[in-house]
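Asks: What follows is a single structure, and I will ask about it in a moment.
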Amino acid sequence: MRRRKSGLNFNRSHEKKKINFGIVREVLTWAIEIAIVLVLAFVLVYFVGLRTSVIGRSMEPTLCGTDEILVDRFVYKLMDPRKDDIIVFLPNGNEKSHYYVKRVIGVPGDTVKIVDGRILVNGEEYKGDLEYEAVTDPGIAEEEITLGTDEFFVLGDNLDSSEDSRYPNIGNISKSYIIGKAWAIVKPRTRMGVI
């Protein structure tokens, strides 16, 4: 009777497999590069990638109701909005509302008043980027408004068709309600560019 050879053969010589460090290095390099790209993509989308539409005529001629804009959500984590910045905010922090887009006229500590059709900031006529004719409706800014430590006074560029800080339902804008700074028009193509 013949015996069959079966089972494990422990007599085989054990050869150690050599690790190819060139391949390992290349795989690690790819993994690191992919991780960096993903982090950069997240940062760009989260902080700069907010895209919103301008609603209405309140920012004409700077922005039109058909414009789509990009919003920088990062800049105001480093600094406060400045006069003449065009900001995007939620009125009274209402997350169910559409985004409002307006120009900053007054910053914390300023006083704002509209007298005889003129916008006065700290007692002097406003001389910023907003070109305006006589303001026909001063709203609550008929009386002097003093801005608190985190409050901003905003107006639309088209003062005759703008719901802004002159009206009690909007009022002064708290920094916590500000989403970011409008920085570029992306649509329509004929109006594309930095604001």
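All of the numbers you see were taken from the coordinates with simple rules; none came from a lab. A quick note: this is a predicted structure, and the numbers were derived from the prediction, not measured. Here Cβ is always computed from backbone atoms with ideal geometry, including for glycine, and neighbour counts include all displayed protein chains.
Asks: How about region 57-119: which trypsin sites (Lys or Arg not before Pro) there lie in a loop by DSSP and see at most 15 other Cβ atoms within 10 Å?
Replies: Arg82, Lys96
Asks: Let me ask something else about it. Enumerate the amide H contacts of Arg118 below 5 Å, restricted to partners 5 or more residues apart or on another chain; note that Pro and chain-start residues carry no placed amide H.
Replies: Hits under the 5 Å cutoff: Val135.
Asks: Then there's this: Check Leu50: other-chain or 5+ apart residues with amide H under 5 Å from its amide H, H built from backbone geometry?
Replies: It is Val71, Arg73, by chain and number.
Asks: In nm, give the distance between the simple-model label positions of Arg57 and Leu38, each being 7 Å from the Cα along the Cα-to-Cβ direction.
Replies: 5.0
Asks: Restricting attention to region 126-195, which trypsin sites (Lys or Arg not before Pro) occupy a DSSP loop and are surrounded by at most 14 other Cβ atoms within 10 Å?
Replies: In loop regions of region 126-195 (DSSP not H, G, I, E or B), the sparsely surrounded trypsin sites (Lys or Arg not before Pro) are Lys127.
Asks: Step through the residues of region 158-164 one at a time and calculate ³J(HN,Hα) from phi using the Karplus curve (6.51 cos²θ - 1.76 cosθ + 1.60, θ = phi - 60°), rounding each to whole Hz and writing x for Gly and Pro.
Replies: 9, 4, 7, 9, 9, 9, 9
Asks: Next question. Under the rule of -39500 (n - 2.57) per DSSP H run of 4 or more residues, summed and divided by the residues of the chain, what mean residue ellipticity at 222 nm is obtained, to the nearest 500 deg cm²/dmol? Display every interim value, and only then the final one.
Replies: On the way: 2 runs with 27 residues, N = 195.
So the calculated ellipticity at 222 nm is -4500 deg cm²/dmol.
Asks: Glu95 to Ser174: extension gain in nm, 0.36 nm per residue of separation minus the Cα-Cα distance?
Replies: Length gained, Glu95 through Ser174: 27.0 nm.
Asks: Can you list the HN-Hα couplings for region 113-125, worked out from phi with the Karplus curve (6.51, -1.76, 1.60; θ = phi - 60°), rounded to whole Hz and with x for Gly and Pro?
Replies: Along region 113-125, the couplings run 8, 10, 10, 6, x, 10, 8, 10, 10, 6, x, 10, 4 Hz.
Asks: The list (i) 1.46; (ii) 0.95; (iii) 0.92 gives values of Rg/Rh (Cα atoms, Kirkwood Rh), and only one came from this structure; which label was calculated from it?
Replies: Derived directly from the coordinates: (i).
Asks: Right, another one. Rounded to the nearest 0.05, what FRET efficiency do Thr66 and Glu124 have when you use their Cβ-Cβ distance and R0 = 41 Å?
Replies: Values: r = 35 Å, r/R0 = 0.86.
Step by step, r from the Cβ atoms, then E = 0.70.
Asks: A further question on this structure: Read phi for every residue in region 20-37 and hand back ³J(HN,Hα) as whole Hz from Karplus 6.51 cos²θ - 1.76 cosθ + 1.60, θ = phi - 60°, with x for Gly and Pro.
Replies: Working through the residues one at a time gives 8, 5, x, 5, 4, 4, 5, 5, 5, 4, 4, 4, 5, 4, 5, 4, 5, 4 Hz.
Asks: Additional query: Report, by chain and number, residues whose modeled amide H sits under 5 Å from the one on Ile179, excluding near sequence neighbours (fewer than 5 apart, same chain).
Replies: Val88, Phe89, Leu90
Asks: Just flag the GluC sites (Glu not before Pro) in region 117-169 sitting in loop per DSSP whose Cβ has no more than 16 other Cβ atoms within 10 Å. All intermediate terms of the calculation are to be shown ahead of the outcome.
Replies: Working: sites: Glu124, Glu125, Glu131, Glu133, Glu142, Glu143, Glu144, Glu151, Glu163; in loops: Glu131, Glu133, Glu143, Glu144, Glu163.
Sparse-neighbourhood loop GluC sites (Glu not before Pro): Glu131, Glu133, Glu143, Glu144, Glu163.
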